[in-house]
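Novice: Please see the structure below; I have some questions.
The values are calculated or read from the model by the stated rules, or taken from the named source; none is laboratory data. Computed from a prediction, not measured in an experiment: that's the story for all the values here. Neighbour counts are summed over all protein chains in view; Cβ atoms, including those assigned to glycine, are modelled from backbone coordinates with ideal geometry. Only protein heavy atoms, including side chains, enter the accessible area calculation; ligands, DNA and RNA are left aside. Shrake-Rupley method; radii C 1.70, N 1.55, O 1.52, S 1.80 Å.
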Amino acid sequence: AALLPGRGAHALPDGNAITPPMGWNSYNAFLRNYHEDDLYPNVVLMDKLGLVDVGYKYFNVDGVWWNGDYEAGVVDRNETGHWVEPTDKFPSGVKAFSDHVHQHGMLLGWYTSARKTACCCAPNFMSPMSQGYERQDFERIQEWNVDYFKVDNCGRDDGVTRKEIMERWSTLVAGTGIVLENCRVGCMAQKDKKGELLPPEKNWIEPWCDDTAHLFRISKDIGKYHRGGDLDGTRAADWESIMHNAMASRNLADRAGPGHWLHLDTLDVGNGLLSGHENRAHFALWCMTSSALIIGTDLREVSDETLAIISNKRAIAINQLYEGDAGRLISDENGIQVWAKRLPGAQVGVLILNAFGKSTTAYTLDFGKAGGWDQVLQQHLYLQELVAEEQLQCTLTEVWTGNDEPVQGSLSVTLEPHQGAFFTLQNCNLAVGTYPTCDELYTSCERIEYQTKRACRASKARRRACSWCGADKGCRDRGTGVCVPLRSRFSHCS
């Protein structure tokens, strides 16, 4: 008999997670060794420290929250197959904890393993988990007023494919308002036999991943794990792990968007061993790739420096804004990387990162010459075919300080190892004295028509049907009939 009614693999997206989810998760801070006494204060601090106000709205409880016999490997369920109330870790009750989270302006996140066993606890991995109990577990999280549900991939396939597992869950949550996270269930970036990421042209993600979760993990667990048991082990932040996860996204920008985001794993900002440069670069990478921003540190011990990073409104805006591209690596040479993300209003977010260099390094970004950078300008600023890059001037806003400065033609930075230059470019136009004459601009009909058509396709009007306006030299919206002249971009031409 069928376990669930079938809606097919296209139950999602359903209007949830229009922007990358933001919140907090217990795992990086506590692994599996936590209690409600650890969580209640973190809920209060999310509110008190202003993190809720800047957009962090999900408070997520990770694995091993359940009651059971950990030595025998048994998860406690009742006679109807539902999870019993987890009074060991939540003696006040999950519903009371859920109410506490909601009272502080947040939404509750919960966790399960999609398979028959949990990821804990060796040698007898705990069961039964959710495979075969999807309906009961979904009913339970609804009773607890859960708003975000993380589905992990532990154990063997047991005759049910990963696609089928996620279809079960996406069918259940569609239209309920619950955000569904796919954690390593068949949507990981491709690796070779040694565990190294395949080159970009060979990296791909199954098409069904977009339709069966609101966000999906594409990389291994972040951090470095040390010896210890499943319940008392330790972990630490690790730069190599951060870069591995970021690089997993390097050619997948077109796979992310409203309702189906890439997830590079919970943030490790502030979890020790990372330098100030590394903490800022780590957060910048997650922002530039439109990854979910899920805090993973115990806020009872958070430093002012860490708080300033994770609450920076300019960085968060780059993460949350979307203009058809989730952000991508456009240049990677001699240890220096350039990441770019198109933003609304003809803005571009940029991160220049000394990712792998061993020493302080100088780097110059020439507008139009850094790999895919010329494509960013062509597609987003509409100017590249008309002028050389040295004629382009923009306003640069540094993300961490908010300072503005004019730049023209290129940008030079000097970066220490693992340091990034994180900024936005906006108000780009032709530098004074470098405009083409009106005759140069308008007498070559073929050139003008080509450039304007590019502007049509690159502008917001591309989502509506638009065409070349002919004599008006602009984009005509076929829906409204309005023509936006190309001439208006060059005010010196009457």
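Novice: What per residue convex hull volume, in Å³, comes out for the stretch 1-129 when only alpha-carbon positions are used? Don't skip to the answer; put the middle values down first.
Specialist: Working: hull volume 19.5 nm³, N = 129.
So the per-residue hull volume is 151 Å³.
Novice: Right, here's the next one. Counting pairs of Cα atoms in the stretch 68-218, how many percent are more than 18 Å apart?
Specialist: It works out to 62 percent of all Cα pairs.
Novice: Report the label-to-label distance for K224 and K193 in nanometres (one decimal), using points 7 Å from each Cα along the Cα→Cβ vector.
Specialist: Using points 7 Å along Cα→Cβ, the separation is 2.8 nm.
Novice: Expressed as a whole number of Å, what is the distance separating the alpha-carbon centroids of the stretch 286-345 and the stretch 50-72?
Specialist: 23 Å
Novice: Could I ask something else about it? Around V43, what is the net charge, scoring Lys/Arg as +1 and Asp/Glu as -1 over all other residues with Cβ under 13 Å from its Cβ? Show your work: numbers first, answer last.
Specialist: On the way: positive: K48, K57, R300; negative: E36, D37, D38, D47, D99, D298.
Combined, the nearby Lys, Arg, Asp and Glu give -3.
Novice: How about the stretch 117-204: which trypsin sites (Lys or Arg not before Pro) there lie in a loop by DSSP and see at most 12 other Cβ atoms within 10 Å? Spell out each step's value before the answer.
Specialist: Working: sites: R135, R140, K150, R156, R162, K163, R168, R184, K191, K193, K194, K202; in loops: R156, R184, K193, K194.
Loop-located and lightly packed - R156, K193, K194.
Novice: I've got another one for you. With the Cα gyration tensor of the stretch 165-218 in hand, give its eigenvalues times 5 under a square root as the equivalent ellipsoid semi-axes, listed largest first in whole angstrom. Walk me through the numbers before you get to the answer.
Specialist: Values: eigenvalues 139, 18, 14 Å².
Each semi-axis is the square root of five times an eigenvalue, giving 26, 9, 8 Å.
Novice: Would you list M188, M166 from the most to the least accessible area, probe 1.4 Å?
Specialist: Greatest to least solvent exposure: M188, M166.
Novice: Also: What spacing in nm lies between the two simple spin-label points modelled at A96 and T361, each 7 Å away from Cα in the Cβ direction?
Specialist: 5.5 nm
Novice: May I ask you to rank E398, E79, E181 by accessible area, largest first, using a 1.4 Å probe over the protein chains only?
Specialist: The most accessible residue leads, giving E79, E398, E181.
Novice: At a 1.4 Å probe radius, which order do S412, S303, S249 fall into by accessible area, largest first?
Specialist: Order by accessible area, largest first: S412, S303, S249.
Novice: With a 1.4 Å probe and every protein chain left in place, tell me how much accessible area L107 has, in Å² to the nearest 10.
Specialist: Probe radius 1.4 Å; accessible area of L107 about 50 Å².
Novice: For the stretch 285-374, I need the span (max minus min coordinate) of the C-alpha atoms along each principal axis, in Å, sorted largest to smallest.
Specialist: 46, 36, 16
Novice: At what distance in nm do the modelled label points of Q142 and K202 sit from each other, each positioned 7 Å from its Cα along Cα→Cβ?
Specialist: About 4.6 nm separates the two model spin labels.
Novice: Moving to a separate point now. How big is the stretch 227-309 along each principal axis, measuring the range of its Cα positions in Å and listing the largest first?
Specialist: Over the stretch 227-309, Cα extents along the principal axes are 38, 32, 23 Å.
Novice: List, in the order given, every pair from K48/K313; K150/K194; K116/K220 whose Cα-Cα distance in the structure shown is over 25 Å.
Specialist: K150/K194
Novice: Would you tell me the accessible area of D88, worked out with a 1.4 angstrom probe on the heavy atoms of the protein chains, in Å² to the nearest 10?
Specialist: About 90 Å², rounded to the nearest 10.
Novice: Give me the accessible area of T161, 1.4 Å probe, in Å² rounded to the nearest 10.
Specialist: For T161, the solvent-accessible surface is approximately 70 Å².
Novice: Exactly which trypsin sites (Lys or Arg not before Pro) in the stretch 219-313 are in a DSSP loop and have at most 11 other Cβ atoms within 10 Å?
Specialist: The qualifying sites are R227.
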